[in-house]
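Structure, as structure tokens:
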Amino acid sequence: MPIAPRSHRLADLTWPEIDDLRPHAPVAIVPLGATEQHGHGLAQRTDTTRAEVVADLVAQHLSPKVVVTPVIPVGVSEHHMAFPGTLTLSPITLQQVIVELVTSLHRHGWRKVYVLTGHGGNNATVEVAVTRLRTDLPDLHIAWSGITPVVSDLVSKLSESRIGGHSSEIETSQAMFADPDLVLPERLTPGSSTFDDLDQAGKLSRSRPGIHFPQSYHDLSKTGTLGDATKSSVEIGARLVEATVERISGFLQDFLDLPERQSAPTLTRIPQETP
Ligand SMILES: [Zn+2]
């Protein structure tokens, strides 16, 4: 019998509703955000809201097969702490939160989980948490991504600035589409958008592909932003968010089809001739 849940958000449902929905919704998305400075024209909850909106749209697209947990609204934002109002968790705290939240889902029967981070500063922590979960819960299928990296080909087409990323025209456009209340259009300003806008360490950090040389944002930009938010538009945001939802949904369609993972690996030895 087809099932039409009142919501795909776990927190909106009662436990009997979840009990009924669970066999029909084998995938859980865990959205992660941040509460950190986004320059003069974007609200601190930008990454949290972008993650929530993409997770909701994916779940609607694949309804009723996907549930969404509450978003974790604070991430690893140490590199933004010079700006008033940024909140940060240490990497080890966020790692533990992800591990315990996914373990809760596993205890209730979910064996397929997708962690979706709206904040790139969470990536290293997500990767470690996923490594731990794959060790602790061998029958779990767990995948993760950011939002913007899923459409990196579109980002390079649609970016006008040489330097981009945090609060750029790309992120600001996504925010305009995700929730117009995130944006104060009259206060958007260009940030560091060319190599000439960066100091010596900033230039070095951005000029060698594959080499990681992390910088704090107060060293990279006076406004706390990279790229040029004044070049953003809701149309660019719609193209980016719709493509992101389509690609993550496409992955999850195939993820849903995967057979359940066994707790212990089954290895077949290739017979070898004795010398
Ligand atoms: Zn952001």
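The values are calculated or read from the model by the stated rules, or taken from the named source; none is laboratory data. Owing to the predicted nature of the structure, the values given are computational and were not obtained by experimental measurement. We place every Cβ from the backbone using ideal geometry, glycine too, and count neighbours over all the protein chains shown. When the accessible area is computed, the model is the full protein with side chains, heavy atoms only, and any ligands, DNA or RNA have been set aside. Shrake-Rupley method; radii C 1.70, N 1.55, O 1.52, S 1.80 Å.
Of all residues in segment 33-59, exactly one satisfies the criterion of being hydrophobic (A, V, I, L, M, F, W, C), part of a loop (DSSP other than H, G, I, E, B) and open to solvent by 20 Å² or more (accessible area, probe 1.4 Å), namely A43.
Whenever a residue of segment 151-162 is closer than 12 Å to G237 by Cβ, its partners that are surrounded by fewer than 20 Cβ atoms within 10 Å (Cβ to Cβ), lying with C-beta atoms within less than 6 angstrom and at least six residues away or across chains, give the pairs V151/A243; L154/A243. Within segment 186-221, the set of residues being in a loop (DSSP other than H, G, I, E, B), within 17 Å of E169 (Cα to Cα) and open to solvent by less than 30 Å² (accessible area, probe 1.4 Å) comprises L188, G191, S193, S221.
Quick one: would you say T93 is more than 15 Å from the ligand (Cβ to nearest atom) and either among the aromatic types (F, W, Y) or not in a loop (DSSP other than H, G, I, E, B) (or both)? Taking the combined requirement at face value, the residue satisfies it. The set of residues in segment 247-274 being touching a residue at least 24 places away in the same chain (Cβ under 8 Å), open to solvent by 20 Å² or more (accessible area, probe 1.4 Å) and not in a loop (DSSP other than H, G, I, E, B) consists of R247, F251, Q253, L256. Might you let me know whether segment 41-49 holds any residue that is under 27 Å from G109 (Cα atoms), modelled with pLDDT of 95 or more and either of a type in the set (V, I, T) or in contact with a strand residue (DSSP E or B) (Cβ under 9 Å, 6 or more places away or on another chain) (or both)? Scanning segment 41-49, I find at least one residue that is under 27 Å from G109 (Cα atoms), modelled with pLDDT of 95 or more and either of a type in the set (V, I, T) or in contact with a strand residue (DSSP E or B) (Cβ under 9 Å, 6 or more places away or on another chain) (or both), so the answer is yes.
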